[in-house]
1. In whole angstrom, and with the biggest value first, how far do the Cα coordinates of the stretch 347-470 range along each principal axis?
2. May I ask you to give the percent of accessible area on the chain that is carbon plus sulfur, with a probe radius of 1.4 Å?
3. In terms of modelled amide H atoms, which long-range or inter-chain residues lie less than 5 Å from the amide H of Gly13?
4. When the helices in the chain are scored as -39500 (n - 2.57) per DSSP H run of 4 or longer and the sum is shared across all residues, what 222 nm value do you end up with, to the nearest 500 deg cm²/dmol?
5. Could you state the angle between the C-alpha long axis of helix 283-292 and the longest principal axis of the C-alpha atoms of the chain, as a value from 0 to 90 degrees rounded to the nearest 10?
6. Treating only the Cα positions of the chain as identical point scatterers, give the base-10 log of I(q)/I(0) from the Debye formula at each q in 0.06 Å⁻¹.
7. With a/c under 1.5 counting as rounded, go ahead and sort the stretch 73-229 into rounded, prolate or oblate using the C-alpha gyration tensor (a ≥ b ≥ c being the square roots of the eigenvalues; past the cut-off, prolate if a/b is larger than b/c, else oblate).
8. At what distance in angstrom do the alpha carbon centres of the stretch 143-188 and the stretch 50-87 lie from each other?
Amino acid sequence: MTGHRLPGDLPGGVLVIENAYLVPVTGPEIPSGHIVVRGDRIESIGPGPAPDLPGARRVDGTGCLATPGLVNAHHHLYQWASQGFAREATLFEWLVALYPVWAAMDAEVVRGAAGAGLAHLALSGCTTSADHHYVFPAGRGDLLAAEIDAARAVGVRFHPARGSMDRGVSDGGLPPDEVVEDLDTILTATAEAIDAHHDPSFSSKLRVAVAPCSPFSVSTELMTESAALARDRGVRLHTHLAETLDEEEHCLARYGVRPVDHMEKLGWLGPDVWFAHAVHLSDADIVRLAGTGTGTAHCPSSNGRLGAGIARVSELLRRGANVGLGVDGSASAELTSLAGEMRQALLFQRARYGPTALTARQALSAATLGGARNLGREAELGSLEPGKLADIALWRIDSFAGAVADPVHALVLGTRQPPLARLLVGGETVVADDELRTAPQDELGRAGVEAHRRLMRLAGERGVPPPPPRP
Ligand SMILES: [Zn+2]
């Protein structure tokens with residue numbers, strides 16, 4: 001099936017969801033209520049049946065839980081093509097093993113990887129995804145355009161962050177010199193990406209951010225110039241920060257300060273910035289992130305897989321800092337679903353701080369409104385409210401999940417998410433009955449496999465054998 005509409009869907013028409021358990025995230029829950037969608041926006045939400053609206057298409061939400069669509073705040077879609085390697089490695093070991101493989105990628109690899117990754121995300125309730133792409137080997141095609149094409153085909157909102165690295169091994173950085181670019185090339189390409197793709201409109205399905213990779217792979221000049229560019233163009237800033245203790249040691253050795261202090265010196269704290277990970281924070285760091293409105297994207301599965309540590313999420317939230325959730329690149333958290341990150345976040349916090357550390361509703365809020373805030377879209381996304389965009393997940397909770405007293409607990413705590421009866425992006429159907437309706441789901445999955453094979457072949461042709469597949 002192609003196109004974003006089911007038979008009977010009318011662009012700009014009225015759609016009504018009825019009889020569902022509604023969790024708006026920002027307001028009181030409604031055990032049996034309705035949502036009226038007109039065009040791409042939510043017109044009204046309330047208890048009981050919807051008003052009589054001639055011509056409206058009705059979706060019976062009986063036995064379903066309606067939540068805002070989930071917002072993925074950190075990802076590297078290209079990594080779909082390099083999953084399953086360096087399985088027992090720290091972040092730095094894992095990166096050193098994979099950089100030479102990634103140096104071989106081309107636009108075809110990125111297109112296949114992004115299509116599979118975004119389809120997989122949509123099937124876990126995700127309606128908006130960020131992506132941090134920071135490896136741009138020269139002469140390998142337009143990698144950013146390739147992933148944007150994939151997002152358009154899947155039908156989710158997309159916030160690609162034009163990433164960058166300019167400090168290779170010869171300059172004291174971690175990545176090999178072959179995968180870094182020079183400062184001028186990066187700034188020119190980033191400005192061009194904003195000009196070509198960034199749509200600042202309320203209904204936007206495509207916004208670009210500026211995202212130097214991490215403190216151990218970029219120069220201070222790249223950080224300050226990137227911030228100046230982003231603020232000049234009114235786009236957001238993103239980077240990895242405080243992910244591991246190795247990074248902290250690198251910052252202390254190179255800059256004489258810890259990661260958050262380093263960011264502060266570079267002008268990289270503020271409400272237009274969000275950091276991936278933020279695992280190793282001091283008490284003072286938490287206060288500063290909260291006080292400056294700097295957001296974080298918590299990626300618990302990746303942090304667990306790489307043994308990076310457990311972020312102080314419940315303390316950040318208590319201080320009023322914004323926290324979103326991210327699946328992180330698939331090479332460090334294979335096949336991770338965004339719905340599953342809610343569970344992982346809750347369990348990590350409770351394992352560290354006790355059973356009241358993070359509720360299921362707080363985890364859902366982080367996965368929706370928290371992500372929307374990170375992307376600067378809290379006016380449009382992240383909650384079910386009149387006037388916001390109609391990005392809605394309808395989860396079926398009348399089967400196995402129905403035996404759990406609290407539907408939000410059932411959504412967040414299950415190791416297998418409840419079936420997705422419907423996923424709407426701007427009122428248009430992307431998933432129905434657990435199946436992608438915008439593009440052929442199995443073809444996208446197979447294209448992801450082909451992207452993996454192609455990347456391994458391209459790496460082999462460059463004399464880089466992939467890391468051994470088995471111990
Ligand atoms: Zn990452």
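1. Extents along the principal axes, in whole Å: 54, 40, 36.
2. Working: 9040 of 16910 Å².
Within the chain, the accessible surface is 53 percent carbon and sulfur.
3. When sequence neighbours closer than 5 places are left aside, the close amide H contacts are Gly39.
4. Numbers: 15 runs with 163 residues, N = 471.
The helix-only estimate for the chain comes to -10500 deg cm²/dmol at 222 nm.
5. In the chain, helix 283-292 runs at an angle near 60 degrees to the longest axis.
6. Here the Debye-derived log intensity ratios amount to -0.24.
7. On the way: a/c = 1.83, a/b = 1.20, b/c = 1.52.
Note, shape of the stretch 73-229 comes out oblate.
8. Here the two parts' Cα centres lie 26 Å apart.
The values are calculated or read from the model by the stated rules, or taken from the named source; none is laboratory data. Predicted, not measured: the structure shown is a model, and the values here were computed from it. Heads up, the Cβs are rebuilt from the backbone with ideal geometry, glycines too, and the neighbour counts pull from every protein chain shown. SASA here: full protein model, heavy atoms, side chains in, ligands and nucleic acids out. Shrake-Rupley method; radii C 1.70, N 1.55, O 1.52, S 1.80 Å.
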